[in-house]
Structures are given as structure tokens and as C-alpha cells.
Amino acid sequence: MNKAHLAAGALLLLTAACGGSGGPGGSGADDGPVTLTYALWDDAQQGAYQQCADAFHKANPGITITINQAAWDQYWQNLTTQMVSGKAPDVITMQTTYYPQFVKNGQLLDLGPMAEADKVDFGQYRPGLADLWVKDGKRYGLPKDWDTIAIVYNTALVKKAGLDLGDLTWNPADGGTFEKALARLTVDTSGRRGDEPGFDKSKVAVYGIVAELNDGSQGQNGWGDLAVSNGFRYIDKNPFGTRYFYDDPKLAETAAWFRRLMDKGYAAPYDKKSSLGPDVVLGSGKGALGITGSWMIKTYLDSTEQKFAFAPLPTGPQGRKSAYNGLADTVYAGTEHPEAAWKWVKFLGSTACQDIVADSAVAFPAITSSTERAVKAHKAAHRDVSAFTSQADAPGGTFLLPVSDHGDEIDQIVGTAMEEVWLGQKDARTALTAANQRVNALFTAGG
Amino acid sequence: MLLRQGEPAAPPVAGPAHRLKAGARGDGRLAAAFLAPALIGFGLFYLYPALRGAWYSMTDWNLLSRPRFVGLDNYARLLHDPLFWNSLKVTAGYVVLNLGIQLVAGLGLAALLHRLTRSLVLRSLLVVPWLVPNVTTGLLWMWLLDADLGFVNHLLTGAGLPAQGFLTSPDLALPSVAVITSWSGTGYTALLLYAGMLLVPRHVYEAAALDGSGEIRTFFRVTLPLMRPILAFVLVVSLIDSFQLFDAVAVTTKGGPVNATRVIYHYIYEQAFTHFKMGYASALALSLVLVLGVLTFVQMRLLRASASDLA
């Protein structure tokens, strides 16, 4: 009897737990006090956005913002399962690879009419960022921040090698002055450099480059940037193209060049590289240089183990090109408080919040004037971030990362093909051509 | 007389019978009450999800859309999915490695425990790795085995040997994962086998010793055959357990490099929660049920697990 009661009790509890999905806030009307949940993944940014939330609450006492932070690795899974149960956060920090999928399944609110009614000035954002979030005439997000790519290097090691990384060149044939620098920065256990006679590539103490090669379908932190500077184009139309060009020889050349770095001993062989991430390896002093994004600025410059600085990417045959990516704030279609959520998104996308983010220097805000403010904040803290900003300002200096349907699958297909190249299992041309066929088949299958 | 004799005699006969009947009814209710929690749990957390899974395997559900019935499309796709077959192959490789290491090492440890020492402290120490959460084990070994900064490679290079990419080389990744999970699982296997050895009566050993059988011969000719049912049990449980490898892979290699450790569970997980193909993932999961069911049946049959030679 007792057990049956217990079981019944457990059932009741369960149904109560399942039934309590009314969502945060409770009251459905927007005139009462409302609590909105705001999801983001970057814990470094949480403080700045909490300040925004406080300022917003002051201006709108009826609306309270609860920030819900989950690490990148869990963020998307959490979000999807929350959507399935109908209680996703009201406002969601969104990234370009993932958002098409949510749009396709009707999980994001069209903000277009509200943006039009409130006359949001899209000219205030840096060019290109606002357009990423429009599909079929509907607007799903307001730009939040942006990032570019640069070289990060260990200042002591570069000084010892007597190098200046300010203006490197690169080409896929002989690697230009970039490869020369990498050779010089590589040191074997008996102290011989990569460009000196007798260099033993099987006993390397410091690698010239710690490359982030396991980098999905975009190669944002390395191969993508160099491939584009070699004339590679990802997709026929961005955003929302339907044909990819991963079989382009320009890309294969670039991948083959990266693979040659391993053969020459300037980079760790792929099957013997650390799986702990370039920042950990560079922090341990076992590598001299890496290619990284502006979101890592503070991680590197605040490192207590090594001193780091940034340099612009090398100039390729088609110029110097950096990936340029932006995030946005979007509204969950299932929110009970669309009006309040829009107010918060509008606030996030205004100078009122983006200046706060700028002052804390955790990201480059999407609004042009706020970005300038962030640069000033970095300067005041004696952080030189010009490698990232000057590249963003240079005409033709950036390219937007591809946005399309099937982003998660393309990531895996191309990521695996690239791994085959790094491991030397297949040559770049063969692996990438096969991958490209599978990628483009995703679009013709009508899935 | 008959009546008088029968009268007092009747109640004792009828009485227990009555009581038995009433008791049976009472027991039934009690039994139902005792069974209810398990049954409700089974129904709610196993049967119902399994039925739902079977239904989803015939839809194109992607978590967010409304499931649409697609018949056996998912299963047809599965037959032509190279990654599915690859994951089965990888899983089989892992199962063989893992079972091999665990059984041999486990039997060795159990025999040592059985014949040399019965120290409770030693027995408890054996299961300590098994008590560590798998994710912790994975992280620990990921750092230890790291190609560049790992302690194991530090030892290797210190001894003048080349460093190894234990988890990053396609040839070493799967064996490394098998060693990691064996490290955590062997103690538990050994304990189960040890318990099985305790079931073998002492007098059998005395007889063997009298007949002049040595330690090794006794082990292979007496201990092993007599603990066949427990061996079968351990084999079946470890086999199913190894098929369900997930956490160690998810933590250390995420299926890479180039599918070298993409075991079936990880593949199902990726389909379901990275690509949100719930329908296809369900079809994969049901196929795994089928594979496991057949394997278990074959094993039980081959090992005659339900019959003991001791009886």
C-alpha cells in the first residue's frame, strides 16, 4: 500500500513538474510585471549584459531580465530541447550557423514589423551585419557584435627569433614570408631553428604555428581566411545560398599547404597534436604563433603564463582577408511576452546597451560608434587590438562567413574531409571534391 | 461417530485451505502493490519511450516540427548509410578490445584475489576506478594521454621513446578509449568473477590438489568450467555495456579522428541532438536493439547460461 502511495506520489510529482511549464513570468498580459529570460553562451560577457539588464530594468520597471548562461558546447542542445518543451528563453543570442535551422522550424519571431514601426536605424550598424539576419524578407535579429581574425604570437619567442610579423605575405606555393617566419620560429630540442641546417623535425620543442585545423566547414581560425585570400569563395550566394564550392582548387591548394607545414615540422602532426586547444598549447610555450578571433583578445592578453600580442593576417594573392562574423539577438516564437521581448532586443541593439558592452571591452559591438568606444576602452587598458579593427575597416578586408541551411551537417562533412587531409589519408583535391558533392546533395534532396 | 470424528477433523483440513485461498487473494493484492513501482517505472521509462521510439523511427521528426509519417524510409536510408555501418564496425572493434581486456585482466585479478589474498581493503580498492564518474575518468585520461602536454607522453619522451597521439591518431584512438574504459571497468568485472569463484566448493579444489593438479591446471580445468553461468552473465552484461559506450568517446574524441571512434551510441546521439534527426536516430536505436537482442540470445545459447555444472 505504502509503495503504491509512493508511486502515485512520484507520478503526481512528475506530472506537476511537467505541467509547470507555464514559462517564467506567469501572467500572460504585458501590462503586469514581466520577467524575461535572456540566453547567452559567453560567460565573459555575462557581466556586461547584466549591466545592460539593470539599465533596462531602470528604464522599464515592469520588465525584469534573467540571464541564462550555458557554455557553447551545451548551448544549442539546451535551446532545442527547451523549444521542444515549449519553454525556451524569450530572447536568444543567435549565431549564423545555427539560426537557419530555427527559422526553418518556425521557432524565431519575425521582428521586421516591429523594427519598422519603431523605425530602427539599420545604418547605425557596421555594414553587412544587419543583412545576415533577413531571410525571405523577414528579419529575425538585431546585430549584437562582430569579430575578425588575426595572428596571435608569443612576444618573447618572436623577439628571440628576430622577426617582425607586421606585414607578412603568403601564397600556397612556397608560403611567402609567413612560412619563412614559421620556419624561423620552430625550434628543435637541440636549439636549431626550422630554417637552419640540421633541424630535426622529429624532435621539435617549439612549433612555429599551433593551427586550429579541426575547424568545421568554415575554417574561421585559419584555413578559411587564407583560402579566401587565395581567391576561394564558399558559396554562390550569402546569406542563404544553395551551392557550395568546396571543390575549388584554390581551397585544396591552401589545405595542402597547411598539411605541408606538418611534413616540414613547423606544425605538430595532426595525429600528435594536443586536443586541449591552441590557447592551452600557446599558453604552455610550446608554440610561437596561432590564428585567432577577436573574442579571444582578453584570454590571450590577460594570460599570466606568456606575453602575447596580435598581428594582422598575412596578405595572400588576393589581398589580406579576415573572416567577419556577427551575432544577433533574436526572439523565441513561443514567448508569452513578444512586446516586452522586442523592447529588450531593441535595447540590446541600441547604443544604450552596446556602449556598456564597449566600455567593458568584452566584444566589438555591432554599432559603429560603440565599436569606436570599445577600441578606446582597449587602448585605455593598454591592449593593442588594431590587428582586428584595422582589418575590419580595410576596404575588401573581410568576408562574411557562409550562412545557409544544413549548417550542422555541412560542418561535419567538411570537417571530416579536412581531417582526412590533415592526417594524410587523402589528398586535398579528392577529399574536398567528395565532400562538396555530399554537401550540395543536401540541398537537392529537398530536406 | 463418523460425524463426531469428522467434525473436529473438518476444520483443520478446511481451515488451512480456506486460509490459503483468502491468503492467496491477499497476497495477490500485496504482490501487485509491491510490483507496482517497478511496473510503473518500467512502463513509464522503458515501455512507453520504446513504443514512442518505434513510432518516431517511422517519422521525419526533427524535434521542432510536427512528426510526419514516412513509413520505412529511415530504415531504407540506414541500409545505405556508410557511417552507420562504419559505426557498427567501430563498435564491434571496441567491444572485442574492451571485452578481451576486461575478461582477461578481470579473471587474472579475481584468481589472485581468490587464491592469494582475501583482503577486504584490496577488494574495495579494485572498484574505486569504477566508482569515479565516467566523464571524470574521460577528462582525466584525456589530459594524461594528451599528445603534447600529457603526462604519459612526458614519460615516453623521458625514456627516449617518441611521443604518441593516443587520442588523436586514427590507429590509436579506439584502443586508447578501450583501455580507458577497461581501466574503470575491470575492477568491477573482477569482483563479479571473484564472487563466481567463491561459489565453487572448496572440496573440489581439495580433490584437484589431491590428484596432483597444479594451480594453473586447476584454474583452467576446475575453476573456469564450474563458473560458466557467472562467466556467461558477466559476458552478456559486459557486452551490452560495451555496446553502449558513449561518455568516454563524447569526452575524449567526439567520434574522431575521421570516424575512428564514432561508435553507434555516439552516432545516434549526434543524429538526434546535433543534427536533430530524431526519426533517423530512433531507427538507428531500434536497429541496435535488434543487434543486441540477437547477440544476447546467441551468447546465452552458446554458453548454456541457465545450467550449472555444479548442480
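The values are calculated or read from the model by the stated rules, or taken from the named source; none is laboratory data. The structure displayed is predicted, hence computed values, not measured ones. Neighbour counts are summed over all protein chains in view; Cβ atoms, including those assigned to glycine, are modelled from backbone coordinates with ideal geometry. The accessibility values were calculated without ligands, DNA or RNA, using every heavy atom of the protein model including side chains. Shrake-Rupley method; radii C 1.70, N 1.55, O 1.52, S 1.80 Å.
Observations, loosely collected:
- Residue list for segment B:161-186, restricted to those being among the aromatic types (Phe, Trp, Tyr) and buried (at least 22 other Cβ atoms within 10 Å of the Cβ): B:PHE166
- Number of residues in segment A:229-255 that are farther than 19 Å from A:LEU132 by Cβ, under 22 Å from the mean Cα position of the chain (by Cα) and of a type in the set (A, V, I, L, M) equals 2.
- Within segment A:388-447, considering residues that are surrounded by 17 or more Cβ atoms within 10 Å (Cβ to Cβ) and of a type in the set (Phe, Trp, Tyr), the one nearest to B:VAL258 (Cα to Cα): A:TRP422
- Qualifying residue in segment A:371-383 (condition: part of a strand (DSSP E or B) and surrounded by 21 or more Cβ atoms within 10 Å (Cβ to Cβ)): no
- Restricting segment B:261-306 to residues that are aliphatic (A, V, I, L, M) and not in a helix (DSSP H, G or I), the residue that is modelled with the highest pLDDT: B:VAL263
- The residues of segment A:399-437 include none that are in a helix (DSSP H, G or I), among the aliphatic types (A, V, I, L, M), farther than 17 Å from A:THR254 by Cβ and more than 12 Å from every other protein chain (Cβ to nearest Cβ).
- Among (1) open to solvent by less than 40 Å² (accessible area, probe 1.4 Å); (2) free of Cβ contacts under 8 Å to residues at least 12 places away in the same chain - the single one A:ALA361 does not satisfy: (2)
- Flag for B:GLN299 being out of contact with any Asp or Glu (no Cβ under 7 Å at 6 or more places or on another chain), assigned by TED's automatic domain parsing to the domain that holds B:LEU112 and more than 30 Å from B:PRO67 (Cα to Cα): yes
- Of all residues making up segment B:239-252, the number that are open to solvent by 20 Å² or more (accessible area, probe 1.4 Å) and either in contact (Cβ under 8 Å) with a residue 40 or more places away in the chain or within 14 Å of chain A (Cβ to nearest Cβ) (or both): 5
- For the condition among the aliphatic types (A, V, I, L, M), modelled with pLDDT of 95 or more and surrounded by 20 or more Cβ atoms within 10 Å (Cβ to Cβ), A:ALA183 qualifies.
- Answer residue from segment A:384-398, given it is touching a residue at least 40 places away in the same chain (Cβ under 8 Å) and in a loop (DSSP other than H, G, I, E, B) and is nearest to A:CYS353 (Cα to Cα) among those: A:VAL385
- Residue within segment A:38-51 that is of a type in the set (Ser, Thr, Tyr), in contact with a Phe, Trp or Tyr (Cβ under 9 Å, 6 or more places away or on another chain) and either under 18 Å from A:GLU336 (Cβ atoms) or outside the structural domain of A:GLU372 (by TED's automatic domain parsing) (or both) present: yes
- Scan of segment B:88-106 for residues that are open to solvent by less than 30 Å² (accessible area, probe 1.4 Å) and either over 19 Å from B:ASP171 (Cβ atoms) or outside any helix (DSSP H, G or I) (or both), ordered by number: B:LEU99, B:GLN102, B:GLY106
- If you go through segment A:88-129 and pick out every residue that is among the small types (Gly, Ala, Ser) and either open to solvent by 50 Å² or more (accessible area, probe 1.4 Å) or at pLDDT 95 or above (or both), you end up with 2.
- Subset tally (residues that are under 16 Å from the mean Cα position of the chain (by Cα) and of a type outside the set (Gly, Ala, Ser)) for segment A:204-216: 4
- Which numbered condition B:SER213 fails, given (1) surrounded by fewer than 19 Cβ atoms within 10 Å (Cβ to Cβ); (2) part of a helix (DSSP H, G or I): (2)
- Test for B:VAL258: is it modelled with pLDDT of 85 or more, in a helix (DSSP H, G or I) and not small (Gly, Ala, Ser): no
- A:ASP329 satisfies every condition listed in (1) surrounded by fewer than 24 Cβ atoms within 10 Å (Cβ to Cβ); (2) modelled with pLDDT of 90 or more; (3) under 18 Å from the mean Cα position of the chain (by Cα) except (1).
- Condition met for B:ALA173 (touching a residue at least 60 places away in the same chain (Cβ under 8 Å) and within 14 Å of chain A (Cβ to nearest Cβ)): yes
- Only one entry in A:GLY219, A:GLY224 is under 19 Å from the mean Cα position of the chain (by Cα), under 20 Å from A:TYR270 (Cα atoms) and modelled with pLDDT of 95 or more, namely A:GLY224.
- Note on segment B:156-170: among residues that are among the hydrophobic types (A, V, I, L, M, F, W, C) and over 34 Å from the mean Cα position of the chain (by Cα), the one that is farthest from the other protein chains (Cβ to nearest Cβ) is B:ALA159.
- Selection count, segment B:127-155, where residues are surrounded by fewer than 18 Cβ atoms within 10 Å (Cβ to Cβ), within 14 Å of another protein chain (Cβ to nearest Cβ) and among the hydrophobic types (A, V, I, L, M, F, W, C): 8
- Residue match in segment A:275-290 (condition: in contact with a helix residue (DSSP H, G or I) (Cβ under 9 Å, 6 or more places away or on another chain), assigned to a loop (DSSP other than H, G, I, E, B) and either without any contact (Cβ under 8 Å) to a residue 24 or more places away in the chain or surrounded by 20 or more Cβ atoms within 10 Å (Cβ to Cβ) (or both)): yes
- Sole residue being among the aromatic types (Phe, Trp, Tyr) and outside any helix (DSSP H, G or I), chosen from B:TRP141, B:TRP61, B:TRP130: B:TRP61
- Lone qualifier among B:ALA76, B:ALA111 - being open to solvent by less than 60 Å² (accessible area, probe 1.4 Å), part of a helix (DSSP H, G or I), more than 14 Å from chain A (Cβ to nearest Cβ) and farther than 24 Å from B:ALA248 by Cβ: B:ALA111
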